[in-house]
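Below you'll find the structure, written out as structure tokens, and then a few comments.
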Amino acid sequence: MSDDQFQQSTSFLKKAVPLMMKYKVPTTPTNYALWYTYVANTDAKLNADVDATVDEHGTCSPLQSDMLYQKHMADKHSRDINALKQSLESMMTEMTHSMSDTIQDTDAFHSVLDNTFEQLSRVENEGLSIDETIAVVRNVVKDSQALTQSTRYFKHQLNDAQQEIAQLKQNLAEMTEQATHDGLTGLLNRAAFERELTAYIDSPQTWPFCLILIDLDHFKKLNDTYGHVLGDIALKQVAKRILDYCRDGVQAFRYGGEEFALLVPQKKLSTAKRTAETLRAAIDRMVIKDRRRGRTLDHITVSIGVAEYGEEKTESSADLIYRADQHLYQAKNLGRNRVMPIN
């Protein structure tokens with residue numbers, strides 16, 4: 001390295017390090033590479049995305065830095081591996097739910113068969129039919145018993161397969177513990193939410209900001225009535241609708257199960273509530289179709305709780321989540337399909 005190159009590199013580092021300190025970006029090799037490239041101004045698209053992130057959020061959190069690195073600087077092989085892991089996780093989730101629904105259907109079918117056997121056996125035992133009919137009945141009973149054995153064997157095989165998939169899913173979860181996205185919905189995951197919320201609280205540039213918690217109404221009943229496959233379709237469609245309303249720096253996360261979280265930077269409670277209400281109404285208008293089974297779900301609703309974190313706040317992330325969660329439960333208790341607080 002020539003003296004000029006060394007001096008230039010030193011100059012870039014002197015510019016990059018203060019920026020990383022300002023935005024509380026961990027001093028990892030990938031973050032050094034990202035911010036070094038930014039101050040070197042050698043990648044116009046990267047610089048534009050960094051500037052846009054800072055404009056929208058008032059900061060560039062560790063999570064946002066990592067996402068920018070993945071987008072602009074990670075090699076294609078690494079990106080392909082991450083995409084494959086997310087696809088595998090999504091596939092195994094859907095297969096697990098599909099098998100669970102199939103097992104439930106098998107149980108119901110087995111119950112119907114048992115009742116049918118009882119009725120057919122009574123016909124024979126009570127001598128209510130002529131000999132030819134009895135012969136037919138015996139054949140039906142015999143065939144039905146064989147079908148029952150086959151059904152039981154199939155259920156046993158499904159249980160074994162489900163256990164194998166559960167193990168594979170656990171192994172994959174351990175491999176992707178540091179991943180940032182949820183495999184089913186494609187939204188940022190719970191771990192990413194917790195890191196980002198901490199960064200928001202630690203960065204006054206983002207204040208005031210709001211947390212929006214969204215919960216699908218009667219989701220357990222939906223799964224019990226229509227099956228987990230349609231439940232997964234509903235989660236993915238709602239997630240897609242939520243993403244449609246993520247503008248001006250708003251970030252969406254799958255908080256857990258049927259619950260989602262949004263971080264709304266540099267906005268007060270009144271603005272965040274308007275966003276939440278618009279989103280609630282949009283979800284209420286959704287029509288979800290399961291083409292495989294010919295089922296339609298046309299009344300998905302959500303309950304929403306909103307809380308603001310401002311300059312006067314000294315609370316922890318757990319306290320902020322608790323306030324938003326309390327508003328969410330108020331919305332549930334008041335009949336669901338609404339945004340709280342009212343005032």
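The values are calculated or read from the model by the stated rules, or taken from the named source; none is laboratory data. For clarity, every value in this text was computed on a predicted model and none was experimentally measured. Glycine gets a Cβ as well: all are built from the backbone with ideal geometry, and neighbour counts include every protein chain shown. Ligands, DNA and RNA are excluded from the accessible area calculation, which covers all protein heavy atoms including side chains. Shrake-Rupley method; radii C 1.70, N 1.55, O 1.52, S 1.80 Å.
Taking segment 22-39 as the range and being buried (at least 17 other Cβ atoms within 10 Å of the Cβ) and in contact (Cβ under 8 Å) with a residue 24 or more places away in the chain as the test, the residues that pass are 23, 25, 31, 34, 35, 36, 37, 39. Restricting attention to segment 230-243, does a residue exist that is basic (Lys, Arg), out of contact with any helix residue (DSSP H, G or I) (no Cβ under 6 Å at 6 or more places or on another chain) and open to solvent by 40 Å² or more (accessible area, probe 1.4 Å)? Yes, there is a match, as at least one residue in segment 230-243 is basic (Lys, Arg), out of contact with any helix residue (DSSP H, G or I) (no Cβ under 6 Å at 6 or more places or on another chain) and open to solvent by 40 Å² or more (accessible area, probe 1.4 Å). For first residues located in segment 186-198 and touching a residue at least 40 places away in the same chain (Cβ under 8 Å), partners that are of a type in the set (Lys, Arg) and lie 6+ apart or on another chain with Cβ distances below 9 Å form the pairs 186/236; 186/240; 186/254; 187/254; 188/254; 189/254; 190/254; 193/254. Apart from one condition, residue 54 fits all of (1) assigned to a loop (DSSP other than H, G, I, E, B); (2) closer than 22 Å to residue 248 by Cβ; the exception is (1).
Residues in segment 204-252 that are among the hydroxyl-bearing types (Ser, Thr, Tyr) and touching a Lys or Arg at 6+ places or on another chain (Cβ under 7 Å): 226 alone. Criterion applied to 197, 172 was being modelled with pLDDT of 90 or more and farther than 20 Å from residue 303 by Cα, and the one residue passing it is 197. Tallying residues that are at pLDDT below 70 and either touching a Leu at 6+ places or on another chain (Cβ under 9 Å) or not in a loop (DSSP other than H, G, I, E, B) (or both) within segment 63-77 yields 2. For segment 298-343, what are the residues that are farther than 27 Å from residue 266 by Cβ, open to solvent by 20 Å² or more (accessible area, probe 1.4 Å) and touching a strand residue (DSSP E or B) at 6+ places or on another chain (Cβ under 7 Å)? Once the filter is applied, which keeps residues that are farther than 27 Å from residue 266 by Cβ, open to solvent by 20 Å² or more (accessible area, probe 1.4 Å) and touching a strand residue (DSSP E or B) at 6+ places or on another chain (Cβ under 7 Å), segment 298-343 yields 332, 336, 337.
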